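Read through the structure below, which is laid out as structure tokens, and then see the notes.
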Amino acid sequence: MAKIRMAQYGTKHGHARGKMQAMLVNPDVEVAGVFEPDAKQREKLQNGGTFADVHWYADVEEMLSDDTIVAVASEGNNAENLDQTEQIVNAGKHVWYDQPAGENWEQWQRVINTVQEKSLHVQMGYMLRYHSTFRQVAEWVHAGFLGDVFSVRAHMSTNISREG
């Protein structure tokens with residue numbers, strides 16, 4: 001089976017290093033490279049760690065115009081990633097996307113429409129904190145409906161660096 005050629009757009013999302021690492025160790029993936037629009041962030045990551053031996057694109061068009069790249073991990077920070085994802089799908093590439101999907105509902109719908117028109121795929125983690133049931137419980141707590149909530153016990157199996 002041929003390897004899937006992938007790239008990464010952005011490095012500031014909390015999952016960016018993990019996504020790159022997952023691609024690097026996957027025997028079915030060939031990592032084409034990464035593009036980071038922020039020069040300071042790029043300089044910081046090029047000199048060590050997960051991204052040190054990865055090809056760095058000089059500009060986004062170099063990455064997005066490469067027809068051999070089938071999919072791109074969208075890993076900008078939450079304020080960047082919807083615009084970046086729209087560029088990725090407009091270039092005709094599948095997207096491995098981290099939540100949240102931005103704050104512009106019309107733009108998100110436009111991205112999804114483009115994905116459907118181009119027969120692409122978007123794979124995105126699901127963020128439960130925005131789920132209607134979680135919101136309802138939070139409203140009940142704030143309204144006092146559940147009484148005096150003195151303790152909440154929860155677990156999220158993750159260890160994400162606060163650095164991009």
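The values are calculated or read from the model by the stated rules, or taken from the named source; none is laboratory data. Only a predicted model underlies this, so the values are computations on that prediction, with no experimental measurement involved. A quick note on method: Cβ atoms are made from the backbone with ideal geometry, for glycine too, and the neighbour counts reach across all protein chains shown. The accessibility values were calculated without ligands, DNA or RNA, using every heavy atom of the protein model including side chains. Shrake-Rupley method; radii C 1.70, N 1.55, O 1.52, S 1.80 Å.
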Quick one: Cα centre-to-centre distance for the stretch 4-24 and the stretch 31-93, in angstrom? 8 Å
Over the stretch 1-88, how many percent of alpha carbon pairs lie in each 10 Å bin up to the one with the longest distance? 18, 56, 25, 1
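At a threshold of 8 angstrom on Cα-Cα distance, excluding pairs fewer than six apart, so keeping six or more, what relative contact order does the stretch 88-152 reach in percent?
32 percent
Please report, as a whole percent, how much of the solvent-accessible surface of the chain comes from carbon and sulfur atoms (probe radius 1.4 Å).
Within the chain, the accessible surface is 50 percent carbon and sulfur.
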Note down the relative contact order for the chain as a percent, whole number, built from C-alpha pairs under 8 angstrom at least six residues apart. 23 percent
Using 7 Å Cα-to-Cβ label points, what is the ALA143/ARG5 separation (nm, one decimal)? 5.6 nm
Exposure rank, largest accessible area first [HIS121, HIS94; 1.4 Å]: HIS121, HIS94
If we sort 27-35, 108-116 on the protection proxy, mean other Cβ atoms within 10 Å, highest first, what's the order? 27-35, 108-116
How many Å³ per residue does the convex hull of the Cα positions in the chain occupy? 150 Å³
Given charges of +1 on the Cβ of Lys and Arg and -1 on the Cβ of Asp and Glu, with all other atoms neutral, how large is the dipole of the chain about its Cα centre, in debye to the nearest 20? 560 debye
Given a Förster distance of 25 angstrom, what is the FRET efficiency for ASN113 paired with VAL29, based on the Cβ-Cβ distance and rounded to 0.05? 0.35
Given a 1.4 Å probe, how much area per residue of the chain is accessible, in Å²? 63 Å²
Using +1 at the Cβ of each Lys and Arg and -1 at the Cβ of each Asp and Glu in the stretch 58-129, identify which of ALA91, ASN104, MET63 lies farthest towards the dipole's positive end. ASN104
